[in-house]
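The numbers here are math on the coordinates, done by the rules we state, and not lab data. This is a predicted model, so every value here is computed, not measured. Ideal geometry is used to build each Cβ from the backbone, glycine not excepted, and the neighbour counts take in all protein chains shown.
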Amino acid sequence: MTDQSRDIATNWLVHAGLRPTRQRVALAELLVGDGQHRHVTAESLFESAKKRGDSVSLATVYNTLRAFCDAGVLQEITVDGSRSYFDTNTHDHPHFFWEDEGRLSDAPSDQLVIQRLPKAPEGVEIASVDVVIRLRKKA
Ligand SMILES: [Zn+2]
């Protein structure tokens with residue numbers, strides 16, 4: 001990794017109010033170091049870190065992703081009960097889920113129209129709306 005990607009990662013952490021520990025910077029570099037948005041799972045980020053030669057456990061990757069979510073710089077998208085995706089783009093936007101590949105990607109926001117949502121039950125409010133469009137190969 002380059003000095004530039006390390007700087008981007010460090011700034012991203014500091015902006016989020018997170019202490020830029022060596023481990024956090026290493027993972028943040030993989031997430032935002034090239035200035036691009038991406039979608040990862042704990043497993044895929046763990047594999048990337050391993051490939052780069054970082055010594056980090058899957059549990060640490062998972063906890064670090066949680067900390068980034070709590071700090072508001074990552075958005076968690078749950079596609080099925082067992083698998084969470086983490087998105088560096090925290091603005092509301094729809095997603096495609098490619099079922100054959102288990103991959104999540106952005107769907108064009110300008111083509112999505114939500115006209116009405118059900119009223120939230122008494123005493124609660126809608127915190128967010130996730131739109132995940134599942135794709136599969138045509139038969
Ligand atoms: Zn996204």
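About the Cα centre of the chain, how large is the charge dipole given +1 on each Lys and Arg Cβ and -1 on each Asp and Glu Cβ? Please answer in debye to the nearest 20. Could you put the intermediate results ahead of the total?
Numbers: 17 positive and 20 negative charges, 62 e Å.
For this selection, approximately 300 debye.
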Where in the chain is the longest stretch that carries no trypsin sites (Lys or Arg not before Pro) classed as loop by DSSP and with at most 12 other Cβ atoms within 10 Å? 1-115
Cβ-Cβ cut-off under 14 Å around F96, Lys and Arg +1, Asp and Glu -1: the net charge is -2
Exposure-ranked with fewest Cβ neighbours within 10 Å first, V61, V56 stand as V56, V61
Could you put T60, T21 in order, starting from the residue whose Cβ has the fewest other Cβ atoms within 10 Å? T21, T60
Under 18 Å from the 7 Å Cα→Cβ point of W98, by amide nitrogen: which residues of the range 18-46? 37-45
Determine, from the Cβ-Cβ distance of V131 and Q4 and an R0 of 41 Å, the FRET efficiency 1/(1 + (r/R0)^6), rounded to the nearest 0.05. 0.75
Can you tell me the 0 to 90 degree angle between the C-alpha axis of helix 3-15 and the longest principal axis of the chain, rounded to 10? 60 degrees
